[in-house]
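Notes follow the structure.
The values are calculated or read from the model by the stated rules, or taken from the named source; none is laboratory data. Note that the coordinates shown come from a computational prediction; the quantities given were computed from them, not determined experimentally. All Cβ positions, glycine included, derive from the backbone under ideal geometry; neighbour counts span all protein chains shown. Accessible surface areas use protein heavy atoms only, side chains included; no ligands, DNA or RNA. Shrake-Rupley method; radii C 1.70, N 1.55, O 1.52, S 1.80 Å.
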Amino acid sequence: MNLRKRRRLGESIIQGFLFVCGAISILTTLGIVYELGKESLLFFSSPEVSLLDFLTKTTWQPAIGQFGVLSLVNSTLMTTFFAMLIALPLGLGAAIYLSEYATPRTRAVLKPTLEILAGVPTVVCGYFALTFMTPLLRAIFGAQNVQIYNTLSAGLVMGIMILPLVSSMSEDALNAVPRSLREAAFGLGATRLETTVRVVVPAALSGIIAAFIIGISRAVGETMIVAVAAGSGPRFTFNPFLGAETMTGYIARISGGDLAYDTPDYNSIFAIGLLLFLITLGLNFLSRYLVRKYREVYE
Amino acid sequence: MNSELFSDQSARSEKLAARHRTGKGWQRMFFASTLIAIVALTVLLLSILNQTAGLVASENKVDPAALSAQPLEELSSSQLITILQDNLTKLRLRAMEREKSLAERSQADLYDQVIERVVQPQIVASYHLLPSVTNRQAILDEVSRQYPEAHVKFKFWLNADFLTSSMSSNAELAGVRTALFGSLYMILITILFAFPIGVGAAIYLEEYASNTSRINRFIQTNIDNLAGVPSIVYGILGLAIFVRALGNITSGAIFGLENDNGRTLLSAGLTMALLILPILIINAQEAIRAVPGSLRQAAYGLGATRWQTIWHHVLPYSLSGILTGTILAVSRAIGETAPLIIVGASTFITQDPTGPFSRFTALPIQIYNWTTRPQDQFRNIAAAAIIVLLIALLSLNAAAILLRNRFSRRST
């Protein structure tokens, strides 16, 4: 009997098919880069648009030929800032509570609730921002100061939505710190707070920072909350009570409208989409790099 | 010597008490952070429920009492047809006849038509649940002051009519039927494409690919990156590739159907499939990784080929994890709106989708559309639609948890 390994055609075919499945993901990335790149090139090659103006000017009025993207970027940054103001401290606090202080019974109740919050669709959060948060802000700060569409309410609700993500990633990082470190600190007479703040959190810092950066990346790419609650006119302002359209809100508005396919107005959504893709890709790379470089490995 | 060690014990114990106090204070802050999230979730759900029911003031264009002495529901079909013929224009009557002959319509259908086209109720004011229950008299007074012709009734915006009617520009009559069907068909297409490809890719990455090969590590990094790309970029990708470049296929023109663009269910389903593919792959990978190596080694030891091991041993063992991951990915896809806006979901179609090449709308799109309308009563039906969406998500997640519990019991 020939005991050499026989080549089976069926196995090779199946392996090839499975490899193609895996490679489809590469096709997706190539597709994103190719399409965004091609249409952006079309956009930048049209005579009324210049790359320098695009990146440095602050007026975005395609109807009169003004293509300065900074107003959209500024309002994206503002909503992200308010979102992070809520999501980062509260997310880290919740993670610390769940990982260090909560009894298993409390954790069994609180964790699923946080996961439910994470599962709420973003359009529902947008509805919440428009119908609850904006009237609340108007009641607090005065209806004449706060417009109906404003970046503050969108940012705050976005923060609440991202909180569970930051919390669960930070909690994973905190749980990965071995128990022996905590026990050693207790043995030296530290209180639980001192252990957490001076031993556990620094040990898990890379994972926590990664969670923060992923949270920021999520806030930058968020569309529906800002499309519903932040307004539909680009405006370069630092006043959070005014409405200002973000990059994602602009893409949603233009593609939902009736513009013809090959005008510079329409192609601008590809340029902005490319900018958005590069920003989030950069943030994701940064977070993974930080984790790899600064992660403490314990035996 | 004892006295030296314990000489400043009071100072030390004071400091210790202060440290414990600080610790307790911060513990309460950390607990408050968790609580804020839960409070936010509760407030969100309550505020949605608050807008789902309440008092409504509506005015009729034509008073039903003027049409007939008896209540309209009790009239016979022929009497209703007489009312229609007396009150509608010839043009409208002919259009109705063309759609379906008046004589063939049921009494319920004719009653609906009389209400919609002759009586024409218009909502002039709507109120939330909490004020409707606690402040009822004040609302009634205000309505009788501002809208003397209107009558007030308590309305549940989420009712059977809401689920079975199609779109309308009148908030009172609008329903989510077309949106529900659109979402359902889209999810079916999404699962049809994403499940085989996702599970196949996961099997390849876990079983066949060696970690040292560059292309395999590149595929893995690539999938991790794709999981973090915002959903709107997937929408742009879907627009560029499925709607425009492959417009011939997705609009059905290649099969001879009359369609002018690719903004169809098929494009939307494929775009969503691309969106959830990375999550599905990552979850399936974790499920396959959890299969113990001893199972595989035992199969190899008996002479099985790699595919036989996978098909007969690894996959059945990891099936519950894969299915849970799929259901989680699908529940994400149901709630996504941004890619659908870009790929071209309509916001106003009244016909149910008939196949993969039809125009469509979806539940999140309707919620978005109704939320952004200026009139108040559209917020109410947006709230009702949100409840429908949340119930769908809740049942999906409950199914996932049940599946996980049932299958994991079996394998141990």
* **Criterion violated by A:Val123 - all others in (1) touching a residue at least 60 places away in the same chain (Cβ under 8 Å); (2) over 19 Å from the mean Cα position of the chain (by Cα); (3) within 12 Å of chain B (Cβ to nearest Cβ) satisfied** => (2)
* Asked: Can you find even one residue in the range A:29-43 that is surrounded by 15 or more Cβ atoms within 10 Å (Cβ to Cβ), closer than 30 Å to A:Pro264 by Cβ and among the acidic types (Asp, Glu)?
  -> yes
* Structure fact -> How many residues of the range B:159-179 are farther than 17 Å from B:Ala383 by Cβ and at pLDDT 80 or above? The answer is 2
* Any hit, the range A:166-188, residues being more than 29 Å from B:Leu393 (Cα to Cα), charged (D, E, K, R), touching a residue at least 12 places away in the same chain (Cβ under 8 Å) and more than 13 Å from chain B (Cβ to nearest Cβ) -> yes
* Given the structure, is A:Phe82 crowded, with 16+ Cβ neighbours inside 10 Å, aromatic (Phe, Trp, Tyr) and away from chain B (no Cβ under 14 Å)? -> yes
* Structure fact -> Given (1) without any contact (Cβ under 8 Å) to a residue 60 or more places away in the chain; (2) surrounded by fewer than 21 Cβ atoms within 10 Å (Cβ to Cβ); (3) at the interface with chain B (Cβ under 10 Å from one of its Cβ atoms), A:Thr131 misses just (2)
* **Listing of helices (runs of 4 or more DSSP H) fully contained in the range B:179-290 that carry 2 or more residues being surrounded by fewer than 24 Cβ atoms within 10 Å (Cβ to Cβ) and within 22 Å of the chain's Cα centre (by Cα)** => B:265-289
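If you check A:Arg288 against the conditions, is it facing another protein chain (nearest Cβ under 9 Å), surrounded by fewer than 19 Cβ atoms within 10 Å (Cβ to Cβ) and at pLDDT 80 or above?
yes
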* Asked: With the range B:1-75 as the region, which helices (runs of 4 or more DSSP H) entirely inside it contain at least 3 residues that are open to solvent by less than 70 Å² (accessible area, probe 1.4 Å)?
  -> B:9-50
* Structure fact -> Here, helices (runs of 4 or more DSSP H) confined to the range A:143-255 with at least 1 residues that are open to solvent by 30 Å² or more (accessible area, probe 1.4 Å) and either in contact with a His (Cβ under 7 Å, 6 or more places away or on another chain) or not hydroxyl-bearing (Ser, Thr, Tyr) (or both) are A:151-175, A:179-187, A:192-195, A:205-221, A:247-255
* Set B:Ser169, B:Ser165, B:Ser144: member being over 17 Å from the mean Cα position of the chain (by Cα), under 14 Å from B:Leu363 (Cα atoms) and of a type in the set (S, T, N, Q) -> B:Ser165
* Going through the range B:371-392 one residue at a time, which ones are more than 9 Å from chain A (Cβ to nearest Cβ) and among the hydrophobic types (A, V, I, L, M, F, W, C)? -> B:Phe378, B:Ile381, B:Ala384, B:Ala385, B:Ile387, B:Val388, B:Ile391, B:Ala392
* Structure fact -> The lone condition A:Thr151 fails out of (1) within 14 Å of chain B (Cβ to nearest Cβ); (2) closer than 20 Å to A:Gly215 by Cα; (3) in contact with a Ser or Thr (Cβ under 7 Å, 6 or more places away or on another chain) is (1)
* Output the residues belonging to the range B:151-167 that are of a type outside the set (A, V, I, L, M, F, W, C), in contact (Cβ under 8 Å) with a residue 40 or more places away in the chain and over 14 Å from B:Ala125 (Cα atoms). => B:Ser166
* Structure fact -> Requiring at least 2 residues that are in contact (Cβ under 8 Å) with a residue 40 or more places away in the chain, closer than 21 Å to B:Leu274 by Cβ and open to solvent by 20 Å² or more (accessible area, probe 1.4 Å), the helices (runs of 4 or more DSSP H) wholly within the range B:296-385 are B:315-335
* Structure fact -> A:Thr280 vs (1) at pLDDT 90 or above; (2) open to solvent by 10 Å² or more (accessible area, probe 1.4 Å); (3) closer than 21 Å to A:Phe54 by Cβ: all pass except (2)
* Go through the range A:90-110 and give me each residue that's more than 7 Å from chain B (Cβ to nearest Cβ) and without any contact (Cβ under 8 Å) to a residue 40 or more places away in the chain. => A:Ala102, A:Thr103, A:Pro104, A:Arg105, A:Thr106, A:Arg107, A:Ala108, A:Val109
* Identify, please: which residue in the range B:294-307 is of a type outside the set (A, V, I, L, M, F, W, C) and modelled with pLDDT under 90 and is, among those, nearest to B:Ala194 (Cα to Cα)? -> B:Arg306
* Asked: Inside the range A:5-16, can you point out the residues that are facing chain B (nearest Cβ under 7 Å) and either open to solvent by 80 Å² or more (accessible area, probe 1.4 Å) or in contact (Cβ under 8 Å) with a residue 12 or more places away in the chain (or both)?
  -> A:Arg8
